[in-house]
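Data first, discussion second: the structure below is written as structure tokens.
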């Protein structure tokens, strides 16, 4: 049964770029690994291979930011490898002021083996272990970021890390089968049953989804947000599809705001402190508002505020933190300080430069076809 499940899951979900977008060389003098393309070589980026518990060697890259206090572990989408994600990773590290580790799943890029659901779980486990052993990153300083199919290994790891700082889900899926069919129950051969795991995550969760996503319905992100125990205000990008969310100015600003808020929270050493006091009253009202609201994306975000605001009251017990949450001036300052590398954050010219940078990233994402789960729909008739 297990073999049949793995085979079915692989047929549903895995389509690594062929050929890989990068090759690896080893410098003779230093013995360090680098991408062969000179455009993918920076002093603050480490390239290395990790051995997983299932016997595969996966390629990973670590982007160092000397002023960062948090580290993002990024699981990319289906039709991508870290060669294609290289510039996105390095830009996110700068703009969000974080360290960032990205990795290729087994069978992706120059990683060995063949992709499967269980292999991706072993892959992200090896990447997370690397953060602690090689870079001294603590669990409570780690943010897991899962894009599309990457939401699967992200949530699998998240439910096993009790002191995780936060989770970001970017165009996530409820499950592999639910991308193609509106099934009401999880079936034995389904893959990445995120709908059954999200309620077990006890750290703050940010969900980002485009309202016009043609690959993974907006309903997937919305439902996962409704089931979150620790909701952060979601980002519903009106008109956004599966491949262009980086083009929206709100994407970067909302991520930065989330990182800033997470930095100010106490480390989640006691998971009981993270549970909202009145979650049952929050979810229905906010979920209905987000589903029915047809105003611009900034309005979608505002509808999510009551849930996060209520949760913040249960988490921040000191007077100083309460005042920070209720003070408009201080909140604006925290928004403007999300990027310590951008000293003139409130400058119109500098903000425009940041937007242009992510416009280029968005164009790159679109040009390399990072549609992540599009192939799932193509196989529906064959299953």
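Bear in mind these aren't lab numbers, they're just calculated from the coordinates by the rules spelled out. If you're wondering where the values come from, they're calculated on a predicted model, not measured in any experiment. Backbone-built Cβ (ideal geometry, glycine too); neighbour counts: all protein chains shown.
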Mind putting together the pair-distance distribution for the range 76-129? All Cα pairs, 5 Å bins, whole percent per bin, short to long. 4, 19, 26, 24, 16, 8, 2
Taking the number of other C-beta atoms within 10 Å as the exposure measure, put 142, 211, 112 in order starting with the fewest. 112, 211, 142
In nm², the average projected area of the convex hull spanned by the Cα atoms of the range 185-252 is 5.2 nm²
Distance in nm between pseudo-label sites at residue 200 and residue 184 (7 Å out along the Cβ direction from Cα): 2.5 nm
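Using the count of nearby Cβ atoms within 10 Å as a rough guide to exposure, how do 209, 242 rank from fewest to most?
So the residues, fewest neighbours to most, are 242, 209.
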Two pseudo-spin positions, 7 Å from Cα along C-beta at residue 265 and at residue 159, lie apart in nanometres by 2.0 nm
Which of 82, 168 comes first, and how do the rest follow, when ranked by fewest Cβ neighbours within 10 Å? 168, 82
Is the range 88-175 best put as rounded, prolate or oblate by its Cα gyration tensor, with a ≥ b ≥ c the root eigenvalues, rounded for a/c under 1.5, and otherwise prolate when a/b is larger than b/c, oblate when not? rounded
